[in-house]
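These notes are about the structure you will find just below.
Read-outs throughout are calculated quantities, based only on the coordinates presented, and are distinct from any laboratory measurement. In this text the structure is predicted, and so the values were computed from the model without any measurement. Here the Cβ positions follow ideal geometry from the backbone for every residue, glycine too, while neighbour counts run over all protein chains shown.
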Amino acid sequence: MKKIFILYILFWFIALLSSAPSIAGEHTGLEFLKISPSARANALAEAFCGLADDINALRYNPGGLGFISEPEIQNSNMTYLAETSYNSLGYLHPLTNGTFAVDIHYLSGPAMTRIEEGTVKEEFSPYTGSLDMGFGRKVSPTLGWGVNFGYVQDQITNDYKAGQPYYNGGLLYRTKDEIFSFGISAQNVGNNFNYTESTIMEKMPSLYRAGIALKFVLAEQDSDINILMEGGKYDYGPGYYAFGIEHWGAKVFSLKVGYRYVLDEKIRSGLGGLSAWRGGLGVRIKRIGIDYAFQPFDTMGNTHRVTLSYRFTGWVVKPKEVSATLKVDPTIFSPNGDGIKDNTFIFPEVTEIKRKLNSWELGIYDSTGAIIQKYANTKKDEKLPKIISWDGKDTDGYFVYEGTYTAQFIASGEGKLAKSSKESIVVDNTPPRVSITLSADTFSPDGDGTDDNVTLYYALTDRYNIDRWQIYLMNEGKKVIYKIKSTETITISVVTGDHTWDGVDDIYSTTVPNGLYSAELTCWDIAGNRASTQTFINVYIPPKVVEKIIERKVEVKEEARGLVVSLSSEVLFKTGKSELGPESKESLDEVVDILKAYPENNVLIEGYTDSSGSRDRNVFISSKRAWSVYSYLVKNGANPAKLKPKGYGPDRPIASNKTKAGRAKNRRVEIIIQKSGE
């Protein structure tokens with residue numbers, strides 16, 4: 001759609017120019033500026049405004065200068081009409097912010113003698129010369145602008161001469177694939193002037209032109225074809241249409257043909273029918289190019305142009321070096337697939353290049369300087385990502401060896417080259433070395449002053465730095481009952497220390513039961529590598545009754561299921577009854593005080609009887625007694641949500657039912673304060 005729109009604008013522009021009438025009675029001078037110096041451009045009927053891909057862009061469309069990236073020297077020679085010769089010499093040089101070009105043109109004729117009334121007045125050699133200097137640059141990857149300032153000196157006789165400054169300007173649009181180009185330009189624009197000894201004001205031969213170029217790349221035939229179309233209009237002269245075709249075979253030999261149709265019948269008939277046609281040949285061997293053009297003028301003779309050019313192929317503009325920044329996080333990582341620091345993240349940034357980058361590249365190098373991984377834009381002007389992730393693999397997809405690597409970021413654009421400093425990246429897949437030992441394999445935390453504690457000694461070593469560590473003590477069911485952790489960030493490679501444990505757990509803050517406990521030490525280094533080891537601690541407290549007898553026969557003891565408070569039914573109830581007696585208050589108040597110390601723990605209230613009587617009766621009485629205790633505790637501040645009463649009747653006896661003393665022990669209410677989390 002964009003191309004169709006541009007074509008529409010182009011042909012509208014040409015139609016407008018060609019329909020504009022010439023202003024009768026106006027005089028134009030310095031016709032020298034209309035002559036094409038280039039053999040290549042002339043062979044293409046000068047339809048060069050839309051192509052403008054060599055130094056001749058200075059004259060035809062300076063907007064094309066910015067697209068040329070290699071210096072060029074060009075010399076043209078032409079045998080013109082009436083024994084005149086035309087010579088030109090130009091040079092083009094790309095800079096960081098655009099392209100500069102300069103050329104000189106010189107037209108000279110044979111020596112002449114001026115005779116007036118039979119007397120020789122003077123001998124003179126007419127000539128015309130001009131100097132052009134221009135500059136062009138790209139404002140985007142597809143659009144360029146350019147201007148050309150020139151000065152022309154025309155001498156017909158020694159006393160009849162003129163000099164005049166002028167300028168050219170143009171725009172060129174070219175697609176990124178260079179298949180389509182569109183250009184517009186203004187040429188020979190300047191003020192009116194007059195020759196010495198003349199009062200006639202002359203007009204500059206100003207020309208306004210627009211053109212397109214289509215490039216077809218035939219890869220299989222190793223050929224390129226350029227098709228050119230242009231239209232233009234002189235300020236004080238007729239308009240024209242021009243068409244040209246250029247075919248390059250193997251990028252070495254070219255054939256050219258052009259046709260220029262002037263919108264003025266008198267001019268066409270005066271020059272002859274063949275003058276509209278022209279053609280040429282070209283040869284380009286490496287850096288050297290030779291072009292030839294032939295243009296017939298019927299009875300006026302023919303013209304031959306030869307252009308010799310030298311292009312500095314492979315030469316590039318040395319860009320201005322600016323800085324870029326590169327951050328790596330983490331700088332040490334372990335690409336081993338364990339899910340911890342398997343990647344490192346690289347953050348490139350360029351602030352000196354304001355617009356789009358032409359190219360960018362992030363290289364990762366080994367210790368010898370060889371590149372092992374590269375990230376770069378896959379197409380021109382691709383946006384720079386904010387984060388680049390490296391997974392520790394080389395360009396072949398294999399994980400790299402452990403060691404130190406460097407990353408460097410390079411970007412170019414706007415005639416600048418941005419480079420970051422080289423940042424180190426360490427690949428470390430070796431876990432740290434860890435060990436844990438004990439002051440004793442067995443200890444008895446019973447508070448008797450002997451073997452009440454055990455000391456754990458730990459040692460951690462890594463080639464780089466330790467990140468964190470922990471020691472978990474677990475019971476035989478693998479439940480963690482005690483934790484020791486590093487409390488701050490570690491930045492050293494060797495860590496040693498010890499910790500003393502008194503046998504108290506983190507759950508109830510009480511001494512753990514007898515048993516075999518494991519102490520597992522786990523360590524992570526700064527790269528995320530993990531190592532662990534373990535040892536075992538035996539907790540053994542010699543058998544003894546750990547109970548506290550409270551007044552009114554209240555017994556409190558620690559069991560595996562929790563803290564057990566046992567109350568005799570003889571204290572709480574009358575025989576065969578489930579209502580609390582007055583003697584129960586003091587004992588139950590003791591229980592209320594104990595429960596206040598464990599506000600967050602769940603509590604079981606279990607009622608039991610002896611085996612006398614029917615089972616159903618005993619279960620019923622034990623349940624009612626449990627609920628009576630429940631009601632008392634709730635009325636005195638216990639959290640009902642934490643209490644769970646239930647009667648078990650004669651189940652779970654703690655003594656023999658064959659004796660009176662045994663049956664008295666079995667008639668009881670047990671209040672179990674469960675451990676946290678149960």
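Loop-located trypsin sites (Lys or Arg not before Pro) in the stretch 471-518 (DSSP state other than H, G, I, E, B) with a sparse environment of at most 14 neighbouring Cβ atoms within 10 Å: LYS478, LYS479. Loop-resident trypsin sites (Lys or Arg not before Pro) (DSSP state other than H, G, I, E or B) in the stretch 165-206 with no more than 13 further Cβ atoms inside 10 Å of their Cβ: LYS176.
For the chain, what proportion of DSSP beta bridges, expressed in % and rounded to the nearest 5, is antiparallel? Percentage antiparallel, nearest 5: 95. Every helix of 4 or more DSSP H residues in the chain counts as -39500 (n - 2.57), and over all residues that averages to -3500 deg cm²/dmol at 222 nm.
For q values of 0.17 Å⁻¹, compute log₁₀ I(q)/I(0) with the Debye formula on a Cα-only model of the stretch 548-673, without solvent. Listed by q, the Debye log ratios stand at -0.81. Cross-link pairs exceeding 24 Å between alpha carbons, from the set LYS34/LYS233; LYS215/LYS354; LYS256/LYS318; LYS374/LYS422; LYS138/LYS233; LYS557/LYS577: LYS215/LYS354; LYS256/LYS318; LYS138/LYS233; LYS557/LYS577.
Packing-based ranking of 288-297, 449-458 yields 288-297, 449-458, ordered from highest to lowest mean Cβ neighbour count within 10 Å. Between the labelled values [x] 25.9; [y] 35.3; [z] 26.8, the entry that holds Kirkwood radius over Cα pairs in Å as derived from this structure is [y].
For the chain, find the longest principal axis of its Cα atoms and tell me its angle to the long axis of helix 2-19, 0 to 90°, nearest 10. It is inclined by approximately 20 degrees.
Scan the stretch 205-314 for GluC sites (Glu not before Pro) in coil per DSSP, keeping those whose Cβ has at most 16 other Cβ atoms within 10 Å, and list them by number.
Counting only loop positions with at most 16 other Cβ atoms within 10 Å, the GluC sites (Glu not before Pro) in the stretch 205-314 are GLU220.
Pairwise Cα distances in the stretch 372-443 exceed 20 Å in 53 percent of cases.
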